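Input: a single structure, listed below in structure tokens.
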Amino acid sequence: MINQYITGAMIKRLRETKKLTQAELADSIFVTDKAISKWETGRGYPDISLVEPLAKALGVSVIELLSGENVTNTNKSANMNRVQFYVCPVCGNVIQSAGEAVISCCGITLPPLEAENADKNHSVTIEHIEDEYFVSVHHEMTKSHYISFIAALRNDGVTIKKLYPEQNAEARLKINGTKQIYFYCNHHGLFKCDQNKL
């Protein structure tokens, strides 16, 4: 239900941040200023059909409005050192952002993954073959437990090699510009390779 998510305090805070009066916000989404006042004081809630235009008028995503938390990505120049990975636990979709973001898939808001150093159960071999790294993760690849992807963080972007159960957990990645290599185990999460191996 919508009233469990959108709070009057959130609407008021976002409206004031945008320097909008209740009347200006009301005009932009075709309701009365009395309706805005009721929402902000908890005496009413916006109809579900108004959630998307309300979010747009307040300068946030629908997810941010519903969750009560707005996200500001201060990474304006897309610094690749701030790359974050997200994996949907329902469909396995892999999503990458160049900074803070609100990401959802299959109706779930996804948290950014935190990379751990590769351990003995997720060991990696990296070989130089001409102008590429040949990355091999020593890990079982069954239908229930596998490496989902191997990714290279580069100066100018991210290369993601999607892997599937019952194939080898390996990938070839361009050496030039690669700063970090990551891989994702569907049971144990995101890992990063020792940079001394690069």
Point to revise | Per residue accessible area in Å² of the chain, where ligands, DNA and RNA are left out and the probe is 1.4 Å | key: 57 Å²
Check your understanding: So, in nm, how far is label THR21 from label SER104 when the simple model puts each one 7 Å beyond its Cα toward the Cβ?
Key -> 3.3 nm
Review point. Counting only residues 5 or more places away or on other chains, whose amide H sits under 5 Å from the amide H of SER104 once H atoms are built in the peptide plane?
Key: LEU110
Exercise for review: Give, rounded to the nearest 20 debye, the magnitude of the charge dipole that the chain has about its Cα centre when Lys and Arg contribute +1 at Cβ and Asp and Glu contribute -1 at Cβ.
Suggested key: 460 debye
Study note, to complete from the structure: Given 185-198, 155-168, the highest-first ranking by average Cβ count within 10 Å works out to 185-198, 155-168
**Study point:** Protein accessible area in the chain, 1.4 Å probe - carbon and sulfur %
**Key:** 47 percent
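When a/c is below 1.5 the answer is rounded, else prolate if a/b is larger than b/c, else oblate, so apply that to the chain with a ≥ b ≥ c taken from the square roots of the Cα gyration tensor eigenvalues.
Because a/c hits 1.5 or more and a/b exceeds b/c, the chain counts as prolate.
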Practice item. Might you report the magnitude of the Cβ-based charge dipole of the range 106-188 about its Cα centre, with Lys and Arg at +1 and Asp and Glu at -1, to the nearest 20 debye? Key: 200 debye
Exercise for review: Tell me the label-point distance for the pair ASN168, VAL94, using the 7 Å Cα-to-Cβ offset, in nm and rounded to one decimal.
Suggested key: 1.7 nm
Revision key, fill the gap. Among LEU113, ILE126, PHE191, the residue whose Cα sits farthest towards the positive end of the charge dipole of the chain (+1 at Cβ of Lys and Arg, -1 at Cβ of Asp and Glu, taken about the Cα centre) is LEU113
Exercise for review: Order these peptides, 87-96, 112-121, 8-17, by their mean beta-carbon neighbour count within 10 angstrom, highest first.
Suggested key: 8-17, 87-96, 112-121
Study note, to complete from the structure: Full extension between ASP156 and THR7 adds, at 0.36 nm per residue less the Cα distance, a length in nm of 49.6 nm
**Study point:** Qualifying lysines (Cα of each under 24 Å from Cα of LYS38; at least 8 residues distant if same chain)
**Key:** LYS12, LYS18, LYS19, LYS56
Revision key, fill the gap. Any lysines whose Cα falls less than 28 Å from that of LYS197, other than same-chain ones fewer than 8 residues away, would be LYS120, LYS161, LYS162, LYS174, LYS179
Check your understanding: Quick one: if the Förster radius is 30 Å, what FRET efficiency do ILE175 and MET141 give, using the C-beta to C-beta distance and rounding to 0.05?
Key -> 0.75
Check your understanding: Over the chain, what is the relative contact order in whole percent, taking alpha-carbon pairs under 8 Å and six or more residues apart?
Key -> 14 percent
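The values are calculated or read from the model by the stated rules, or taken from the named source; none is laboratory data. Source: prediction; values computed, not measured. A quick note on method: Cβ atoms are made from the backbone with ideal geometry, for glycine too, and the neighbour counts reach across all protein chains shown. The accessibility values were calculated without ligands, DNA or RNA, using every heavy atom of the protein model including side chains. Shrake-Rupley method; radii C 1.70, N 1.55, O 1.52, S 1.80 Å.
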